[in-house]
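**Q** Just dropping this structure here.
Just so you know, all these numbers are worked out from the coordinates, no wet-lab data involved. All figures in this text were calculated on a predicted structure; none of them were measured in a lab. Quick reminder, even Gly has a Cβ in these numbers, built from the backbone with ideal geometry, and neighbours come from all protein chains shown.
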């Protein structure tokens, strides 16, 4: 993944806008000791957020692409980890929502973004 910087211009081969899609993360602590047989114990706890940096024509498509990337890592039917409840904002809105962060904190948040790369035909 390339290093993100809020001042770096980013070029894409197609038209669209840049979005940040955030998902809530749940981890099933009940699955840690599960041997895979029978019903998996259910003890889901919140684990923060996963954020995806997406170039798309609109918010709906940005969510679809981020969800596709999320499900590639964590299939929706797994018993261990889930990313759900997406929210979406433009990249500028996302940067503005971090306006009170220190430069070190902002660098951390930028480094945590997962970039969704889409093949263009």
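**Q** If each of residue 117 and residue 87 carries a label point 7 Å out from its Cα toward its Cβ, how far apart are those two points in nm?
**A** Those two pseudo-labels are separated by 3.0 nm.
**Q** Please compute the Kirkwood hydrodynamic radius over segment 11-79, one decimal place, Å, based on all pairs of different Cα atoms.
**A** By the Kirkwood definition, the hydrodynamic radius is 14.0 Å.
**Q** At a Förster radius of 30 Å, what calculated FRET efficiency corresponds to the Cβ-Cβ distance of residue 96 and residue 29, to the nearest 0.05?
**A** 0.30
**Q** Ok, one more. Tell me, in nm to one decimal, what length is gained between residue 64 and residue 39 on full extension, where the rule is 0.36 nm per residue of separation less the Cα-Cα distance?
**A** So the extension gain works out to 6.0 nm.
**Q** Also: What is the distance in Å between the Cα centroid of segment 31-45 and that of segment 56-80?
**A** If we compute the Cα centre of each part, the gap is 24 Å.
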